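No lab work stands behind these numbers, since they all come straight from the coordinates. Keep in mind that this is a model prediction, so the values were computed, not measured. Here the Cβ is made from the backbone with ideal geometry for all residues, glycine too, and neighbour counts use every protein chain on show.
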Amino acid sequence: MKSSLIKNKRILITGGAGFLGSHLCDRFVQLGANVVCLDNFLTGSLSNIEHLIGRPNFQFIQHDVTRDFYFSKNVFAVLHFASPASPLDYLKFPIQTLKVGAIGTHKMLGVAKAKKARFLLASTSEVYGDPEVHPQPESYWGNVNPVGPRGVYDEAKRYAEALAMAYHRTHGVEVRIVRIFNTYGPRMRNNDGRAIPAFVSQALGNKPVTIFGDGKQTRSFTYIDDEVDGIVRLLLSSHVGPVNIGNPREMTVAQCAKAIIKACKSKSRLVYKPLPVDDPKIRQPNIALAKKVLGWVPTVSFDEGIETTIEWFRLHRLTPHLKNLKKRK
């Protein structure tokens, strides 16, 4: 991987205070790039990037990317990661989710065009919807309900992909599109509605672990370090268009929950609730393209990644006593 290409280059990362965005900020700072992080804290958190503030090659700008953004300096690449990404978030902020996928993508493509910069779009495996092809290759067009509650996220990302490719074909913008599969690791919010942080938080508290549906639906979980490595490789590649970056190890949601309960040495038991509307029954990436054009494969096992994630939650999860103290301050 030619990481020397970005040493001293300016990288603009939207949504940089979010879970995935903040890890990207870390990686590019470590690689010697000059990182400009944009976030409006709709779902991101200052705590994710506060360790970077004050570094000579890191700058934070609080900004809503659906508004015009003027930047006087040269930019090597724009990484557009701003968006609510968990079901709880995008169902809470449906209009903001659509706007950041449409207007936000338009604004940031405009920056990339003006600066003659590469543009990397954070897309998602959700563009495949409830898939009828398994595992899912980039050539599959998906099975998405545009008027269902999840459509605000799915269609925002599908539109963003179409807009990015239109800018590539019409204006010659160098476009990279990463289709991200379920990613987990440190800095996830325990209340963001995604399976792994919910399971870990419940298991550490010896509370019932909630499974929606019968637990037989499948997911493929990618550890954050692997996901970031794939994204950096994609940015530095010459490949235009979408690439799946995800771990092809498929497991049921129930298997995931049981593994986390065991790893936490928890007394939790499983409880079942109705499946949300349009929740995908299966999810597994075909990563043949990532192997071919990026030389990328995931290297962190689920057991290893979940152990690190659990330890992070142990250190950062507030006890009820501390929560009460914070409320009284």
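What do you get for Rg/Rh of the range 46-196 when both radii come from the Cα atoms and Rh is the Kirkwood radius?
Using Cα coordinates only, the ratio equals 0.97.
Given H placed on each backbone N at 1.01 Å, which residues far from Thr124 in sequence or on other chains put an amide H within less than 5 Å of it?
Ile180
Can you tell me the Rg and the Dmax, both Å, for the Cα atoms in the range 1-114?
For the range 1-114, the Cα-based Rg and Dmax read 13.7, 41 Å.
Extent of the range 139-228 along each principal axis, from alpha carbon coordinates, in Å, largest to smallest?
55, 32, 21
How many angstrom separate the Cα center of the range 292-313 from the Cα center of the range 171-241?
When both Cα centres are located, 11 Å separates them.
Counting Lys +1, Arg +1, Asp -1, Glu -1, what net charge surrounds Ser123 among other residues with beta carbon under 9 Å of its beta carbon?
+1
Within the range 129-200, report the GluC sites (Glu not before Pro) that DSSP leaves as loop and that have at most 15 other Cβ atoms within 10 Å.
Filter output for the range 129-200: Glu132.
Taking only the alpha-carbon positions of the range 202-329 and ignoring solvent, what does the Debye formula give for the base-10 log of I(q)/I(0) at q = 0.14 Å⁻¹?
For the range 202-329 at q = 0.14 Å⁻¹, log10 I(q)/I(0) is -0.79.
Using DSSP, restrict attention to beta bridges with both residues in the chain and report what percent are antiparallel, rounded to the nearest 5.
10 percent
Give the distance, in whole Å, between the Cα centre of the range 29-93 and the Cα centre of the range 128-167.
After rounding, the separation between the Cα centres reads 24 Å.
Once you list every other residue whose beta carbon is under 12 Å from the beta carbon of Gln284, what net charge do they have if Lys and Arg are +1 and Asp and Glu are -1?
It works out to a net charge of +3.
Go ahead and collect, in residue order, the members of the range 115-144 whose backbone nitrogen is under 14 Å from a label point 7 Å along the Cα-Cβ direction of Glu174.
Zone members listed by number: 115-121.
Give me log10 I(q)/I(0) at q = 0.12, 0.15 Å⁻¹ for the chain, Debye formula, one equal scatterer per alpha-carbon, no solvent.
Relative scattering, expressed as log10 I(q)/I(0), comes to -0.82, -1.31.
Just to be sure I understand: with springs between alpha-carbon atoms less than 10 Å apart, which residue in Ile53, Ile261, Ile224 has the highest mean-square fluctuation in the Gaussian network model of the chain?
Per the Cα network of the chain with a 10 Å cutoff, Ile53 tops the list.
Listed here are the pairs Lys267/Lys291; Lys9/Lys92; Lys157/Lys291; which of them are more than 29 Å apart at the Cα?
In this structure, Lys267/Lys291; Lys9/Lys92 lie more than 29 Å apart at Cα.
Apply the Karplus curve 6.51 cos²θ - 1.76 cosθ + 1.60, θ = phi - 60°, to the phi angles in the range 31-42 and return the couplings in whole Hz, x for Gly and Pro.
Values per residue, Gly and Pro as x: 7, x, 6, 9, 9, 10, 9, 10, 6, 10, 6, 4 Hz.
Top mean-square fluctuation among Ser268, Ser139, Ser47, Gaussian network model of the chain, C-alpha springs under 10 Å?
Result for the chain, Cα springs under 10 Å: Ser139 fluctuates most.
Collect residues whose amide H, placed 1.01 Å from N in the peptide plane, falls under 5 Å from the amide H of Leu275; neighbours closer than 5 in sequence don't count.
Gly213
When the Kirkwood radius is taken over all Cα pairs of the range 108-174, what Stokes-Einstein diffusion coefficient follows at 25 °C and 0.890 mPa s, in µm²/s?
In µm²/s, the coefficient is 189.
Most fluctuating residue of Arg187, Arg150, Arg67 in a GNM of the chain with Cα springs under 10 Å: which is it?
Largest GNM mean-square fluctuation: Arg67.
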